[in-house]
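The values are calculated or read from the model by the stated rules, or taken from the named source; none is laboratory data. Here the structure is a predicted model, which is why all the values come from computation and not from measurement. So basically every Cβ, Gly included, is an ideal-geometry build from the backbone, and we count neighbours across all protein chains shown. Accessible surface is based on the protein model in full, side chains and every heavy atom, while ligands, DNA and RNA are left aside. Shrake-Rupley method; radii C 1.70, N 1.55, O 1.52, S 1.80 Å.
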Amino acid sequence: MRYEGMVYRPPSEARSFILQVTIGCAHNDCTFCTMYKEKQFRIRKMDEIRADIEEVYSVYGDNIRRIFLADGDALVIPTVQLKEILRLLRARFPSAERITSYGAPHDVLRKSPEELRELQEEGLEMVYMGLESGDNEVLRRIRKGATAEEIIEAGIKLKTAGIQASVTLISGLGGRERLKEHAIASAKAITAMKPHYVGFLTLMVEEPAPIVEEIRSGRMELLTPEEVVDEMELFLSNVDSEGTVFRANHASNYMLLKGNLNEDIPAMIQQIEDIRNRNGFRKERWRAL
Ligand code: SF4
């Protein structure tokens, strides 16, 4: 496989065949993100994609269970080409259970409902989409390039096309100043979208992310573990998204939480209380991105 640069994938794709269909992220501007800063964005040529598929097929045959289309936003690819990639994958790996990708909100919105439906019919099962925050002020500060309303619309559009939406939020992204707004607006956005999955990471900063400078200069303050779980409690107390699978089990999180909304909210709030009482937060040195 000719992987170019560092390759990222969601935790649930740890055992997937990662196929790079784009290099980097077309947006590449979010202030907290370092993932693709060293890459110049481009859509990969079909002959390279075909060669990677053939190489994996020659080694594993039809024994691939999950496929993830990397890098940052496969949905930026024109629908005709994306359908061809999905067709090639399904022809080689008919036993694969699912094909998934990251998707930027504007790329989802740019596609018509018919195009999304066609992608679903060709095998695109789920799209991981970063909401990051439901608070438009936070989204503006982090240069997300989309408003909460646009991201909600994109999530609903995916669901309507039969594509599952797995939506990511970041604890602490509003800093101390916007803790409350970030938690409550994020809960409102998830309530409006009702995605299949919602996952929380916790903000960790590293060079060369522009947010590092904001923290250094005091324009933004990182939350303590106690404040992060306060924020989580506020989110859980305000969200209403029956049936959404909730996960806050990323290595960056100070505590692990998982359950189904809404039924497991009281138990998760109790778990937060227990962790607070025994100061059972994950140690800083054990956190990772
Ligand atoms: S968070 Fe996602 S959209 Fe933003 S720069 Fe990173 S990869 Fe691109």
Regarding the chain, what whole-number volume in Å³ per residue does the convex hull of its Cα atoms give?
-> 125
Only Cα pairs under 8 Å and at least 6 apart count here; give the relative contact order of segment 52-109 as a rounded whole percent.
-> 52
So the FRET efficiency between A288 and T147, C-beta based with R0 = 35 Å and rounded to 0.05, is 0.70
Segment A14-R219, extension gain: residue separation times 0.36 nm, minus the distance between their alpha carbons = 70.2 nm
Here segment 1-48 gives, from Cα atoms, an Rg and Dmax in Å of 11.6, 34
Estimate the FRET efficiency between E121 and I43 by the formula 1/(1 + (r/R0)^6), using the beta-carbon distance for r and 25 Å for R0, to the nearest 0.05.
-> 0.70
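Any idea what the dipole of segment 11-286 comes to, in debye rounded to 20, about its Cα centre with Lys/Arg Cβ at +1 and Asp/Glu Cβ at -1?
In debye, rounded to 20, segment 11-286 gives about 360.
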Given the pairs K39/K157; K111/K159; K194/K258, which are separated by over 19 angstrom at their Cα positions?
-> K39/K157
List the cysteines in the chain whose Cβ has no other cysteine Cβ under 4.7 Å from it.
-> C25
How large is the charge dipole for segment 222-289, taken about the Cα centre, if only the Cβ atoms of Lys, Arg (+1) and Asp, Glu (-1) carry charge, to the nearest 20 debye?
-> 540
Whole number in Å², please: accessible area per residue of the chain, 1.4 Å probe, ligands, DNA and RNA not counted.
-> 46
Added length on full extension, which subtracts the Cα-Cα distance from 0.36 nm per residue, S58 to K180 = 38.7 nm
How high is the relative contact order of the chain, in percent, with contacts defined as C-alpha pairs under 8 Å that are six or more residues apart?
-> 14
Where does the chain land at 222 nm, in deg cm²/dmol rounded to the nearest 500, when only DSSP H runs of n ≥ 4 count, each adding -39500 (n - 2.57), divided by all residues?
-> -11500 deg cm²/dmol
Most to least packed among 60-66, 245-251 [average Cβ atoms within 10 Å] | 245-251, 60-66
Those GluC sites (Glu not before Pro) in segment 171-246 that DSSP places in a loop and that have at most 12 other beta carbons within 10 Å = E206, E242
Loop-resident sites, segment 59-164, for GluC sites (Glu not before Pro), counting at most 16 other Cβ within 10 Å (DSSP) | E97
Of all the accessible heavy-atom surface of segment 11-286, with the other protein chains kept in place and a 1.4 Å probe, what percent is carbon and sulfur?
-> 50
Considering Cα pairs under 8 angstrom that are at least six residues apart, work out the relative contact order of segment 170-289 and quote it in whole percent.
-> 29
Sorted from largest down, give the three principal axis spans of the alpha carbons of segment 74-171, whole angstrom values.
-> 45, 25, 20
Report the percentage of all Cα-Cα pairs in segment 93-147 whose separation exceeds 17 Å, rounded to a whole percent.
-> 49
Sorting G175, M204, L109 by the position of each Cα along the dipole of the chain (Lys, Arg +1; Asp, Glu -1; all at Cβ), the one nearest the positive end of that ordering is M204
Fraction of antiparallel bridges per DSSP, segment 149-279 only, in percent to nearest 5 | 30
Bounding extents of segment 167-289 in its principal axis frame from Cα atoms, largest first in Å, are 41, 33, 22
Percent of beta bridges antiparallel (DSSP, the chain, rounded to nearest 5) = 20
